[in-house]
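Read the structure below first, then the notes.
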Amino acid sequence: MRPGIHERRWQALAVLVLPVLIISMDGTMLGFAVPHLSESLEPTSSQLLWIVDIYSFILAGLLVTMGSVGDRIGRRRLLMIGAAAFSATSVMAAFAPSASALIAARALLGFSGATLMPSTLSLIRNIFPNPQERQVAISIWAASFAIGGAVGPIIGGLLLDHFWWGSVFLVGVPVTVTLQILGPRLVPESRDPSPGRFDIPSSALSIVAMIPTIFAIKMAAERGIDRVGLLALVIGASAGAAFVVRQRRLADPMIDTRLFAIPGFRRAIVANLVASFGFAGGLFFITQYFQLVLGMSALRSGVQLMPAVVAAIVMMLAAPALVRRTGPFQVMTVGLALGTIGFATFMIVDLTGPIALTTLAIAGAYGGLSMAMTVAIDGIMSVIPPERAGAGASVSETSNELGIALGTALLGSVLTAVYRPRIDQIQGVPQNSIEAARETLGAAVIAAEKLPSEVGGVLVNGAKLAFVSGLHTAALIATLALAAVTVWTAAAVRKNPSVSGEPVDARQRPGAGEG
């Protein structure tokens, strides 16, 4: 690496966190814009589902392919291409004249987003060869997710109070334009010097494995398990199995599946996936709890999440020092344990909060899970040779996306499965209002506004109680999942207490120790 570029590695990091900020903001702001765009574009229920979901489908499906493409054409080049595409498609989404046009724009946003995320992480892997500096850099990179996720609702709430729904998509344009200006000046190019032939069948199999799988998960959350969902799951699983078999046979695989034989790598992948699962699932039901049960505005809800954001940032930035003092698995275990305690606390909240307890619980959960994710991501990247950093980053990002999809879909489906039967038990409310209320708590509030105040109050109160019951059950599922992985990760410490914070040597043979 040239001395001038190396000296500017921290400025380069500041540039590389820009796309992370805007992508995390995009995910939270859209949720608040849905009521506004629904009124303007009048999408069908199916179209609305695709507006929300198509982005993550495309993003998750292309991560592995784009990581491999970046290794070949240059990670900075791919980042610049992605930034330009993200700017253009953001404008398309903001001014979409119809629901169909918005679905198309969101699909293109997912495509461009898939070029951004592996590129940023793989560039960090190469800009920071020193393990201790890389741990700090990845902590800052991960902290930007929490910052973007927190300021998204605040900025989105302010924009929607003063402008049209499309304004939330334009927030990213100045950021990606800045990235295009500063990127070539501050970020050094890197690529695999001997990438080998790009394997088109592997790319196709990775896409077919991811998109139907994510589709099946999300459809199960919306309407339960049906033939379409099962077919999608079978297709995704079959393609995934074929992808793994093909990688083992190739001389130059897209992903070196032998890495999964390293115990430390496996634990880091699973910890990252489950921490992402809790992070996304918690955000899904806590934001609804704040707004629909406690009656907070979108802006107040965002502000109420600020202690959790501060906790996440502090724990992420503290992670490298803690790893050096104790070891990666010790830090991951503590982080997952804090997440477990936080979700266990959600099981005792009620219609009034208490707000202080809920805020403390989510701060503890997000702080712990953020720390666990930071250490896990560094653990994943540390075993990847620098020349294959793009493919390694795609593995990390894929585990993130799967965790996010599972967190929202699985916990969302659990909440819905508990919520709907309890709605049916509400007495003294017209059946058509009950049917409307079964969809969501938001729909119950809207249905109640059309009823006499006393009857409407019965419906709203019953719906809130049903929602809180569903929240308790979802929190229990998350608690059990986090607790299981906490125990599994702690087993590495008990088995080998001397596990240190040093990264796993990329040349380590599969199965050689706990890494």
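The values are calculated or read from the model by the stated rules, or taken from the named source; none is laboratory data. No experiment lies behind these values; they were computed from the predicted model shown. Please note: Cβ atoms are built from the backbone with ideal geometry, for glycine as well, and neighbour counts cover all protein chains shown.
Looking at the structure I just gave you, is Arg134 farther than 21 Å from Ala312 by Cα, assigned to a helix (DSSP H, G or I) and more than 19 Å from the chain's Cα centre (by Cα)? Let's see the steps before the verdict.
Values: farther than 21 Å from Ala312 by Cα: no; assigned to a helix (DSSP H, G or I): yes; more than 19 Å from the chain's Cα centre (by Cα): yes.
When the stated conditions are applied, Arg134 does not pass them.
Could you pull out the residue among Pro184, Pro153 that is more than 25 Å from Tyr366 (Cα to Cα) and assigned to a helix (DSSP H, G or I)? So that I can check it myself, show each step before the final result.
Details: Pro153 fails: more than 25 Å from Tyr366 (Cα to Cα).
It is Pro184.
Counting just the residues of the range 167-181 that are part of a helix (DSSP H, G or I) and of a type in the set (Val, Ile, Thr), which one comes out farthest from Ser119 (Cα to Cα)?
Step one: list which residues in the range 167-181 are part of a helix (DSSP H, G or I), which gives 167-170, 172-181.
Keeping just the survivors that are of a type in the set (Val, Ile, Thr) gives 168, 173, 175-178, 181.
Numbers: Val168: 24, Val173: 19, Val175: 16, Thr176: 14, Val177: 17, Thr178: 16, Ile181: 17 Å.
Per the stated criteria, the residue is Val168.
In the range 230-274, which residues are touching a Leu at 6+ places or on another chain (Cβ under 6 Å) and within 16 Å of Ile200 (Cα to Cα)?
Answer for the range 230-274, where residues must be touching a Leu at 6+ places or on another chain (Cβ under 6 Å) and within 16 Å of Ile200 (Cα to Cα): Ala239, Ala242, Phe243.
Return yes or no: is Phe57 more than 19 Å from Pro19 (Cβ to Cβ), of a type outside the set (Lys, Arg) and under 16 Å from the mean Cα position of the chain (by Cα)? Give the steps one after another, and end with the answer.
Values: more than 19 Å from Pro19 (Cβ to Cβ): yes; of a type outside the set (Lys, Arg): yes; under 16 Å from the mean Cα position of the chain (by Cα): yes.
Against the criterion (more than 19 Å from Pro19 (Cβ to Cβ), of a type outside the set (Lys, Arg) and under 16 Å from the mean Cα position of the chain (by Cα)), Phe57 qualifies.
Being over 21 Å from the mean Cα position of the chain (by Cα) and over 27 Å from Met25 (Cβ atoms) narrows it down to one residue among Pro212, Pro193, Pro184; which is it?
Numbers: Pro212 fails: over 21 Å from the mean Cα position of the chain (by Cα); Pro184 fails: over 27 Å from Met25 (Cβ atoms).
Selected residue: Pro193, the only one of Pro212, Pro193, Pro184 that is over 21 Å from the mean Cα position of the chain (by Cα) and over 27 Å from Met25 (Cβ atoms).
Step by step: first the residues of the range 304-333, then only those that are over 19 Å from the mean Cα position of the chain (by Cα) and not in a helix (DSSP H, G or I), then the one that is modelled with the highest pLDDT. Which residue is that?
Thr326
Which of (1) in contact (Cβ under 8 Å) with a residue 60 or more places away in the chain; (2) in a helix (DSSP H, G or I) does Trp164 not meet, given it meets every other one?
(2)
Among the residues of the range 36-44, is there at least one that is assigned to a helix (DSSP H, G or I) and at pLDDT below 70? Before the answer, list the steps.
First, pick out the residues of the range 36-44 that are assigned to a helix (DSSP H, G or I): 36-41.
Filter once more, keeping what is at pLDDT below 70: none.
No, the range 36-44 has no match at all.
Considering only the range 172-187, I want to know if a residue exists there that is more than 19 Å from Tyr55 (Cβ to Cβ) and polar (S, T, N, Q).
Yes, some residue in the range 172-187 is more than 19 Å from Tyr55 (Cβ to Cβ) and polar (S, T, N, Q).
Which ones in the range 107-147 are closer than 30 Å to Ile362 by Cα, surrounded by fewer than 24 Cβ atoms within 10 Å (Cβ to Cβ) and aromatic (Phe, Trp, Tyr)?
Answer for the range 107-147, where residues must be closer than 30 Å to Ile362 by Cα, surrounded by fewer than 24 Cβ atoms within 10 Å (Cβ to Cβ) and aromatic (Phe, Trp, Tyr): just Trp141.
Residue-wise test of (1) in contact with a His (Cβ under 8 Å, 6 or more places away or on another chain); (2) more than 30 Å from Pro307 (Cα to Cα); (3) surrounded by fewer than 20 Cβ atoms within 10 Å (Cβ to Cβ).
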{"residue": "Ile154", "(1), (2), (3)": "no, no, no"}
{"residue": "Leu158", "(1), (2), (3)": "no, no, yes"}
{"residue": "Trp165", "(1), (2), (3)": "yes, no, no"}
{"residue": "Leu170", "(1), (2), (3)": "no, no, yes"}
{"residue": "Leu186", "(1), (2), (3)": "no, yes, yes"}
{"residue": "Asp199", "(1), (2), (3)": "no, yes, yes"}
{"residue": "Ile217", "(1), (2), (3)": "no, yes, no"}
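May I ask you to list the residues in the range 290-303 that are surrounded by fewer than 24 Cβ atoms within 10 Å (Cβ to Cβ) and under 20 Å from the mean Cα position of the chain (by Cα)?
Across the range 290-303, the qualifying residue is only Ser301.
Report whether or not Val270 is within 15 Å of Ala490 (Cα to Cα), surrounded by fewer than 22 Cβ atoms within 10 Å (Cβ to Cβ) and hydrophobic (A, V, I, L, M, F, W, C).
Working: within 15 Å of Ala490 (Cα to Cα): yes; surrounded by fewer than 22 Cβ atoms within 10 Å (Cβ to Cβ): yes; hydrophobic (A, V, I, L, M, F, W, C): yes.
In short, yes.
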